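A short write-up of the structure that comes next.
The values are calculated or read from the model by the stated rules, or taken from the named source; none is laboratory data. Only a predicted model underlies this, so the values are computations on that prediction, with no experimental measurement involved. Counting neighbours? That spans all protein chains shown, and the Cβs are built from the backbone with ideal geometry, glycine included. The area values use the complete protein model at the heavy-atom level, side chains included, leaving out ligands, DNA and RNA. Shrake-Rupley method; radii C 1.70, N 1.55, O 1.52, S 1.80 Å.
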Amino acid sequence: MDQTILFVIIGGASLLGGLLVGKLVFARNTKKQVEEAEAQAANILKETELRAETIKKEKQLEAKERFVQLKSEYDRDLLEKNKKIGEAENRIKQKEITINQKEASIDKQVKDNEVIKEKLNREIDLVNVKRSELEKHQEEHIRRLEKIANLSADDARQQLIESLKHEAQTQALVLQQEIIEDAKQKANKEARKIIIQSIQRTAAEVAIENTVTVFNLESDEMKGQIIGREGRNIRAIEAATGVDLIVDDTPEAILLSSFDPLRREIARLSLQRLVADGRIHPARIEEVVEKTRRQLEDQIAEIGERTVIELGIHGLHKELIRIIGKMRFRSSYGQNLLMHSRETANLCGIMAAELGLNPKLAKRAGLLHDIGKVPDEETELSHALLGAKLAEKYGENPAVVNAIGAHHDEMEMQYVISPIIQACDAISGARPGARREIMQQYIQRIKDLENLAMNYQGVEKAYAIQAGRELRVIVEAEKVTDATSDQLSFDIAQKIQTEMTYPGQIKVTVIREKRAVNIAR
């Protein structure tokens, strides 16, 4: 028991001693950390003070530099202002000097004018005295003349006036005639100069349209395939295109004959596709021809657009652009119509520029002057009046409309460019080798032959082939029977015989074909 108490006392004393020792150690460590923290704070404060001092010095330097810069700018501005003020003062002083000089000059002129005025007054007085003396002498002279001639002064004055008037009229007429002759000579000389310059500056192509196109073949074996069994393929091509195919002994070539270049182009392109494809039979021929005809319409529009772009003409109606494209496949007296219109447009533009007129308007009228030659349907109007009607319909300038209608004197010329278009049209057509009169007459005769057949009821198509020696008439099977086909052929032949003039004979062939078409769906 006593031993246990002793252990407890010893243990309590040990615990108490340990607590005291720990407290002393903690107090010593805490004091050391406080001292270290105070030392670190002192270092941070010192560094902060140094950094603040550095920043303060930098800002002071920047402020000084900015002050120097502003001061230099202010000094420079002040110097410029002083310079301008000095210049203004110099100008004012110079003006003052000039004004003073002018005042002195004006004063001198005033003095000189007064002296001159005095001299003039003295001279006027002298003249008045002389005039009064002259009037007295003149009255005395008139009285003496009246006594001598027994004429009053009024009668003599009237005779003198009549004599002078007659003489003046004679001289005026002579002078007027000389001026007119001189103006005519100068005008003719200037007109010839302008025309020659216009022709020289226009590079014109001379291309005479033919009625035959040569289609080349790779071998003569293709001729038989194109002709077909018993000639059915060649008949289908001729019926679909209206072109006469001539297969002769010419090696590796077939001739396409037609007065219409558009038909020949359709036939040529269709044959080219058929030969490349290899399938040549009537159904395929009709399909290819129809497809080619549609694609050629797109090509016509493209030709028209390219033409107006090359000539620098803008704002044309789409229908007029299509008509311009169709000119590529039309001819005028053997001269290609598009080439003729382009040449006329260029001549008009150059001539209008030489005369100080609007070259773009003149070029526009020159390009459109023959649009009446490519109508979509037949009309009784001449091509000039029809062209003017089309141009007016599609919103063209009144000056262009008048120039188109008046270029063959079928309409009164109301604008300055109208005679220019007429002259340039004549220049383009009158060049040696540009046209063939016989060609146009032949084409007109062929067209009249086709139009004659188209006037009959039930006629679907009419093609003149073999240079107009044969007329093939394709009729609608629903409207024309086999019996009436013979009568129709006879009637057309009789009408051709009575109404047309032609060399040799014309064979009239009426073709009637019945087709039954159904579609399996």
If you place +1 on the Cβ of every Lys and Arg and -1 on the Cβ of every Asp and Glu, how big does the dipole about the Cα centre of the chain come out, in debye to the nearest 20?
1700 debye
What distance in nm separates the two pseudo spin-label positions at Ile511 and Glu123, each 7 Å out from Cα along the beta-carbon direction?
10.5 nm
Alpha-carbon centroids, the stretch 446-492 and the stretch 224-251: separation in whole Å
20 Å
Can you bin the stretch 380-420 into rounded, prolate or oblate? Criterion: square roots of the alpha carbon gyration tensor eigenvalues sorted a ≥ b ≥ c, rounded for a/c under 1.5, prolate for a/b above b/c, oblate for the rest.
oblate
Reported label for calculated log10 I(q)/I(0) by the Debye sum over Cα atoms at q = 0.07, 0.09, 0.11, 0.12 Å⁻¹ given (i) -0.56, -0.81, -1.02, -1.12; (ii) -0.48, -0.68, -0.92, -1.05; (iii) -0.70, -0.90, -1.12, -1.22
(iii)
Cross-link partners among lysines for Lys111, C-alpha distance below 19 Å, same-chain residues fewer than 8 apart left out?
Lys102, Lys119
Residue (of Ala388, Leu262, Gln3) at the positive-pole extreme of the chain, dipole from beta-carbon charges:
Gln3
What FRET efficiency comes out for Lys108 versus Ala63 if R0 is 60 angstrom and r is the Cβ-Cβ distance? Round to the nearest 0.05.
0.35
Can you find, among His408, Pro419, Pro375, the residue sitting farthest towards the positive end of the charge dipole of the stretch 362-422, where Lys and Arg contribute +1 and Asp and Glu -1 at Cβ?
Pro419
Just to be sure I understand the curve: with the Debye formula and one point per C-alpha of the stretch 462-521, what is log10 I(q)/I(0) at q = 0.13, 0.20, 0.22, 0.26 Å⁻¹?
-0.42, -0.78, -0.89, -1.10
Charge context of Glu410, other residues only, Cβ under 15 angstrom, K/R +1, D/E -1:
-4
May I ask you to rank Ile465, Ile85 by accessible area, largest first, using a 1.4 Å probe over the protein chains only?
Ile85, Ile465
How much accessible area per residue does the chain have, in Å², with a 1.4 Å probe?
68 Å²
Segment Arg306-Arg279, extension gain: residue separation times 0.36 nm, minus the distance between their alpha carbons
6.3 nm
Restricted to the chain, the DSSP antiparallel beta bridge percent, nearest 5, is 75 percent
To the nearest 20 Debye, how big is the dipole of the stretch 1-138 about its Cα centre, given +1 on the beta carbon of each Lys and Arg and -1 on that of each Asp and Glu?
240 debye
Past 27 Å, Cα to Cα: identify those pairs from Lys326/Lys447; Lys291/Lys326; Lys291/Lys393; Lys64/Lys84, in the order given.
Lys291/Lys393; Lys64/Lys84
The stretch 46-139 shape via C-alpha gyration tensor axes, a/c threshold 1.5
prolate
Which residue, chosen from Ile492, Tyr456, Ala520, occupies the Cα position most advanced towards the positive end of the dipole of the stretch 454-521, where the dipole is computed from +1 (Lys, Arg) and -1 (Asp, Glu) charges on Cβ about the Cα centre?
Ala520
In whole angstrom, how far apart do the alpha carbon centroids of the stretch 311-356 and the stretch 75-148 sit?
67 Å
Round to a whole number: what % of the accessible area of the stretch 224-325 belongs to carbon and sulfur, probe 1.4 Å?
48 percent
In whole percent, how big is the carbon plus sulfur part of the accessible area of the stretch 1-110, probe 1.4 Å, protein atoms only?
62 percent
With θ set to phi - 60° and the Karplus curve 6.51 cos²θ - 1.76 cosθ + 1.60, what are the ³J(HN,Hα) couplings of the stretch 453-458 in order, to the nearest whole Hz, using x for Gly and Pro?
6, 5, 6, 7, 5, x
